[in-house]
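The next block holds one structure in the form of structure tokens; read it before the comments.
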Amino acid sequence: MEKGFVHYPYLSDDYSVYNGFNIKQLCSKYKTPLIIYSMRRIIENIKNLKIAFDGIAIHYAVKANYNPFIVSYIIKNGAGIDAANLNEVQLSLSAGANPYHIIATPNNLSEAELFQISRLGITINFDYQGQMELISGHLPEIVSFRINPGIGRGEFAGITTAGHDVKFGISPEDALQAYKSAKKYGARRFGIHMMTGSNVLDHEFFKESTERFFDIAAKISDALGIEFSFLDIGGGFGVPYDLHTKPLDLARTADYIKENFSKFKNRGYFKSSELIIEPGRYIISDAAILVSSITSIKNSDHKIIGIDTGMNTMIRIPLYGAHHEIKIPGYVDSEYITLSDIAGQVCENTDYLAKNILLPDVKTGDLALILNAGAYVSSMASNYNLLGTPAEVAIDHNSDILIRKRSTLDTMISGFLK
Ligand code: LLP
């Protein structure tokens, strides 16, 4: 029999209380679908990263969740920012980030947008030489390139961002030319970046990828006499999405990275280089639950439980084949005995949040909790079918704070000509 998360952070064993708050009562107040965040868990995740990655700068990847309340909370807890474009940069600045603690890693942005990012004093991890040359007259103080170290790893092909057949970064050979060109344009300070994939649970991968990365950086240093101001190894630190998956051994991952770094330092490299990581998922994934209401139950060849949210909010399920645990408050684990599918309200047959899972004999009006709803859920949700995006509530100390209003028909069509 499928068992629930024994230790989903701050969720009670019968799934009815989250971070000290009765979920049903929160839903009576705010309605469903509702994303509830545990700010306490966010702080804990940052703290755990800080302990493991002692001496390494943490830049939160805003794409994981760009809710301004959450971004400013993460910044207040000592993180810098990884941004993908001007909007993410500007949101981070208005959430209180120091421009010196923001690094942008843009992909295929226009010359105008790159120029504006650079003018704000933001360091850029350029995707390739040509992108840097678009703004060669207005380069940021520190010029950095995104390297493809030749290997990548991600939970799914769609979130593997280095290795073969990826759109990101450049080979070590092309990087050599790119830095040469940057020097020619007057750059005096340099960084180097990689991002090899997302949701990686194998610490050995980080050992191999950073070894390769530092080696590439050392060779570029030798060839061009460059002392890197920073080496940015990206994010990708994975979290389990079910009880059966072993969590990433964060301490070992960090130790491998630090050991590799020291090895190169002992050989005389990276004397004054800062090491940077860019976690997104690790900080926020298990710090939220998405709560929906069961709106219908259809018993045909399959039992299909219909809920008031679907792929419009949880696109990562049909997009990658991702798995999220689904739990029903008020039932104990031994009642999870009926094979069921869970589907949303979107007019597509990809709109399943789970298929053939064991659930209790639920009734309409029951709540369904989708776990690990902090990362890449709100930030990837759409208005498809005009279903709208959920309200979001933060549990901070002992208060519940509405940090995003539910979208309405008016907010969804506000930009259209009527
Ligand atoms: N840095 C860069 C340059 C990135 O592109 C990303 C994520 C990160 C950092 C943060 O990676 P994380 O620590 O969160 O793994 N939408 C997908 C995940 C895509 C990740 C893309 N890049 C999902 O729902 O799983």
Rounded to the nearest Å, the spacing of the alpha-carbon centers of segment 154-199 and segment 204-224 is 12 Å
Excluding residues fewer than 8 positions from Lys265 in its own chain, the lysines with Cα under 29 Å of it are Lys47, Lys50, Lys180, Lys183, Lys184, Lys207, Lys219
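When DSSP beta bridges are limited to those with both residues in segment 105-279, what percentage is antiparallel, rounded to the nearest 5?
DSSP beta bridges in segment 105-279 are roughly 5 percent antiparallel.
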Rounded to the nearest Å, the spacing of the alpha-carbon centers of segment 231-274 and segment 364-418 is 34 Å
Taking every alpha carbon pair in the chain and sorting the distances into 20 angstrom bins from 0 up to the bin holding the longest one, the percent per bin comes out as 26, 53, 20, 1
Amide H contacts under 5 Å for Ala288, restricted to residues at least 5 apart in sequence or on another chain and with H modeled in the peptide plane, are Ser38, Asn372, Ala373, Gly374
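Just add up the charged neighbours of Asp396: K/R +1, D/E -1, any other residue whose Cβ is under 12 Å from the Cβ of Asp396. Write down the numbers at each step before the final one.
Working: positive: Arg40, Arg41, Lys76; negative: Asp400.
Once positives and negatives cancel, what remains is +2.
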Karplus-derived 3J(HN,Hα) from phi for segment 223-231 (6.51 cos²θ - 1.76 cosθ + 1.60, θ = phi - 60°), whole Hz, x at Gly and Pro, runs 5, 10, x, 9, 9, 6, 6, 8, 10
Carbon and sulfur atoms account, in whole percent of the 1.4 Å probe accessible area of segment 105-279, for 48 percent
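Determine the percent antiparallel among the DSSP beta bridges restricted to segment 228-310, to the nearest 5. Spell out each step's value before the answer.
Numbers: 5 of 8 bridges.
Roughly 60 percent of the beta bridges in segment 228-310 run antiparallel, per DSSP.
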The distance between the Cα centres of segment 65-86 and segment 1-63, in whole Å, is 17 Å
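Give me the 1.4 Å probe accessible area per residue for segment 95-212, excluding ligands and nucleic acids, in Å². All intermediate terms of the calculation are to be shown ahead of the outcome.
Values: 5190 Å² over 118 residues.
For segment 95-212, the solvent-accessible area averages 44 Å² per residue.
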For the chain, percent of DSSP beta bridges that are antiparallel (nearest 5) comes out at 45 percent
For segment 117-127, in residue order, the Karplus 3J(HN,Hα) values (coefficients 6.51, -1.76, 1.60; θ = phi - 60°; whole Hz; Gly and Pro = x) are 5, 5, 5, 7, x, 9, 5, 10, 8, 5, 6
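Run through segment 72-119 and list the GluC sites (Glu not before Pro) located in a DSSP loop whose Cβ has at most 15 other Cβ atoms within 10 Å. Intermediate results must be reported in sequence, preceding the final value.
Details: sites: Glu88, Glu111, Glu113; in loops: none.
Filter output for segment 72-119: empty list.
The values are calculated or read from the model by the stated rules, or taken from the named source; none is laboratory data. These figures come from a predicted structure and were not determined experimentally. For neighbour counting, all protein chains shown are included, and Cβ atoms are generated from backbone atoms with ideal geometry for every residue, glycine included. Only protein heavy atoms, including side chains, enter the accessible area calculation; ligands, DNA and RNA are left aside. Shrake-Rupley method; radii C 1.70, N 1.55, O 1.52, S 1.80 Å.
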